[in-house]
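The values are calculated or read from the model by the stated rules, or taken from the named source; none is laboratory data. Owing to the predicted nature of the structure, the values given are computational and were not obtained by experimental measurement. Glycine also receives a Cβ, built like all others from the backbone with ideal geometry; neighbour counts cover every protein chain displayed.
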Amino acid sequence: MNTFERLLKVRKERGAGYFILLDPDKNKREQLPSFVREATEAGVDGFLVGGSLMSTNDFEEHLRAIKQNTSVPVIIFPGGIMQVSSVADAILFLILISGRNPEHLIGSQVIAAPIIKRNGLEAISTGYMLIEAGNMTSAEFMSNTKPIPRDKPDIALAHALAAEIIGMKFVYLDAGSGAHASVPEEMIRAIAGKCSLPIIVGGGIRTPEEARKKVQAGASFIVTGTVTEHNNHHSFIKEFAEAVHSSAPVSR
Ligand code: 1GP
């Protein structure tokens, strides 16, 4: 079973999945083994690894430290073409569909594709959308693109449908790391109602209750980064995982 199939299985069996984002620039490598073991035990369904910037030069060492301490998928969430490694189980092959910057629509993908192929790394094609966050996030600044306005679910839906028709496997609605406001439920609901792709939602989610609302609105995977960097206790992560796993609508 490849990583994408494992994720679909999580969605089927648990209703929705919970990912923790580990940014090598923000997480100390020495602390990773114990944190990753605890988070896995607490019910996390996968680790995303990456960041908008990468000042550290031991990306692969971070990946190894995570991989060696968990049984759940370790997936690269690349902030740039430097973040490709076969140590991971898979990479989200991101296409920044909410923007109109050709570099992030096709330029970086063309550079990364031969490296991914050569490494035999599983690539999961993902329509990535930045959603207005109430503040300028690193993702918005670094990508040099405009996010989708938070009060325009119809525009977000049109992008998601384009991703589905093109043949992508996920849509990722991201308010960006450290967003003041997370992706609105109304937008998630609009997409989940008409688009068949699993929806990943992240950016600015700070409480299990907030995660629960996103799942109830139709999110298939929830991502937290900032909040779990600061509250890395087993019980807090467990609360998040339980909120995500117990909130999917019965019909999904
Ligand atoms: C950002 O979705 C992730 O790409 C996580 O965001 O750090 O705000 O949790 P936070």
Among the residues of the range 173-198, which ones are away from the ligand (no atom under 16 Å from the Cβ) and either on the phi > 0 side of the Ramachandran plot or outside any helix (DSSP H, G or I) (or both)?
C195, S196, L197
Does G203 meet the test of being at positive phi, within 11 Å of the ligand (Cβ to nearest atom) and out of contact with any Phe, Trp or Tyr (no Cβ under 9 Å at 6 or more places or on another chain)?
yes
Just a yes or no: is a residue in the range 87-102 within 22 Å of I166 (Cβ to Cβ), more than 20 Å from the chain's Cα centre (by Cα), assigned to a loop (DSSP other than H, G, I, E, B) and touching a residue at least 40 places away in the same chain (Cβ under 8 Å)?
yes
Go through A163, A139, A113 for me and flag whichever is within 30 Å of V87 (Cβ to Cβ), touching a residue at least 60 places away in the same chain (Cβ under 8 Å), assigned to a helix (DSSP H, G or I) and more than 15 Å from the ligand (Cβ to nearest atom).
A163
Mind listing whichever residues of the range 9-55 are in contact with a helix residue (DSSP H, G or I) (Cβ under 6 Å, 6 or more places away or on another chain), crowded, with 22+ Cβ neighbours inside 10 Å and not hydrophobic (A, V, I, L, M, F, W, C)?
G17, Y18, P24, D45
Here's a check for you: in the range 215-250, which residue that is without any contact (Cβ under 8 Å) to a residue 40 or more places away in the chain and within 11 Å of the ligand (Cβ to nearest atom) is surrounded by the most Cβ atoms within 10 Å (Cβ to Cβ)?
V227
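Being at pLDDT 95 or above, in contact with a strand residue (DSSP E or B) (Cβ under 9 Å, 6 or more places away or on another chain) and either assigned to a loop (DSSP other than H, G, I, E, B) or polar (S, T, N, Q) (or both): is that true of V44 here? Give the steps one after another, and end with the answer.
Numbers: at pLDDT 95 or above: yes; in contact with a strand residue (DSSP E or B) (Cβ under 9 Å, 6 or more places away or on another chain): yes; either assigned to a loop (DSSP other than H, G, I, E, B) or polar (S, T, N, Q) (or both): yes.
Yes; evaluated as a whole, the condition is true for this residue.
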Under 9 Å between Cβ atoms, at least 6 apart or on separate chains: pull out the pairs that start in the range 189-201 with a residue that is at pLDDT below 95 and end on any residue that is β-branched (V, I, T).
none
